[in-house]
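Some notes on the structure that comes next.
Laboratory data are not the source of any read-out in this text; all were calculated from the coordinates shown. Treat the numbers as computed from the prediction; the structure is a model and nothing was measured. Positions of Cβ are backbone-derived with ideal geometry, glycine not excepted, and every protein chain shown enters the neighbour counts.
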Amino acid sequence: MRVFVNGEARELSGTSSLAELITQLELPVARIAIELNREVVRRNDWGSTILQDDDRIEIVHFVGGG
Amino acid sequence: MSTAASAASSKDKLIIAGRAFSSRLIIGTGKYRSYDQMRSAHDASGAEMVTVAVRRVPLDRSSESFLDHLNPALHILPNTAGCYTAEDAIRTARLAREALQTDLVKLEVIGDQTTLFPDNEQTLEAARVLVKEGFVVLPYFNDDLIMAKKLLDAGCAAIMPLAAPIGSGLGVQNPANLRIMREQLPEATMIVDAGVGTASDAAIAMELGADGVLMNTAIAAAEDPAQMATAMKLAIEAGRLAYLAGRMPKRLYASASSPLQGVIE
């Protein structure tokens, strides 16, 4: 299965939830947010959100800005 | 500071959506040369609120959290910088709210890359949606009174007109428009956002009746950001007091300060 994470194609083996994807990417989970196909997925729903082929995922955090 | 001035400043608060802030300075977190420098500038400024930007997490390396470098006492105001459409700004605001559990957003929808001038139409559209979703919307926009009225009608918590292009340091280029906005919208919280370059610019913005000033580059790009942050803090306090004091009217010709009578002959 192929999904797009922050614009990059990623191959995932088998079924994967959003929570599993985050673990696999070894991302720090504090104060990040995730969009799946342009809709925010609440943190509590990461575990129950199963990814589908061609899903588009945006994972954001905060940087310096004005 | 004199007793009168301290007394004035202790009860003279910046109010944003019912929340009171002692400091009328809101500052950015971008462009600093180091985290230490940013922290010193933030401390020196006395600001209670700082802006941050929302960006994709880099996937190729484990990135530390930028937010860990901020004083935890600061209120965080996420922006929608870099968005060119209402839709992208709305998505960015929703992501920021989910990540930070804050309803505050500095709404910024840019219309042009060279000037970074706002797209007022898209800004208004995004503001309407975000207010309905419960956000406290602080919109960056052009210094246009009619647009300001529309943003307030849409339910924005403040209006944030620019004084000059973002990061330009040109100073207040639109004193007449800011004054008109202040006079016509006396109840609105008006925060001048973008364009100040040095302390006198911030003082002028406050003397024109702004309730606060939001700045980033003027402090971050100063040779000594912490010192400039102190200067900005003082300028904003001075400008505020001067506004409240009510300045003397300008006149073209001299008016002697000393009595005209009794001069020796």
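Taking trypsin sites (Lys or Arg not before Pro) as exposed when DSSP calls them loop (any state but H, G, I, E, B) and at most 12 other Cβ atoms lie within 10 Å, what is the longest stretch of chain B free of them, the sites themselves excluded?
On the way: sites that count: B:R33, B:R61, B:R247, B:K250, B:R251.
Of all site-free stretches, the longest is B:62-246.
With labels modelled as points extended 7 Å from the Cα through the Cβ direction, what inter-label distance (nm, one decimal) is found for B:I264 paired with B:D36?
Here the answer is 6.2 nm between the modelled labels.
Give the separation of the Cα centroids, region B:13-67 to region B:200-265, in Å.
With region B:13-67 and region B:200-265 each reduced to a Cα centre, they are spaced 26 Å.
At q = 0.11, 0.19 Å⁻¹, what base-10 log of I(q)/I(0) does the Debye formula yield for region B:19-109 when every alpha carbon is treated as an equal point scatterer in vacuo?
Result of the Debye calculation: -0.34, -0.98.
Can you give the FRET efficiency to the nearest 0.05 for B:D68 and B:I15, using r as the Cβ-Cβ distance and R₀ = 25 Å?
Computed FRET efficiency for B:D68 and B:I15 comes out at 0.25.
Kindly work out what percent of the DSSP beta bridges joining two residues of region B:90-239 are antiparallel, to the nearest 5.
Taking every DSSP beta bridge within region B:90-239, about 10 percent pair in antiparallel fashion.
State the Cα centre-to-centre distance between region B:121-146 and region A:1-38 in whole Å.
32 Å
Quick one: give the max-minus-min coordinate of the C-alpha atoms of chain A along each principal axis, largest first, in Å.
For chain A, the Cα spread along each principal axis is 41, 24, 22 Å.
Only bridges whose two residues both fall in the protein assembly as shown count here: according to DSSP, what percent of them are antiparallel, nearest 5?
Here the share of antiparallel DSSP bridges comes out near 50 percent.
Mind checking the full-extension length gain between B:D224 and B:T198? Use 0.36 nm per residue of separation minus the Cα-Cα distance, one decimal, nm. Mind showing how you got there, number by number?
Details: separation 26, 0.36 × 26 = 9.36 nm, distance 1.21 nm.
My answer for the length gained is 8.1 nm.
Let me know the mean shielding of A:51-63 by other chains, meaning the per-residue number of their Cβ atoms within 10 Å of its Cβ. Please list the in-between numbers first.
Details: counts 0, 0, 0, 0, 0, 0, 0, 6, 5, 11, 14, 17, 12.
The per-residue average across the peptide is 5.
Dividing the convex hull volume of the Cα atoms of the protein assembly as shown by its residue count, what figure in Å³ per residue is obtained?
162 Å³
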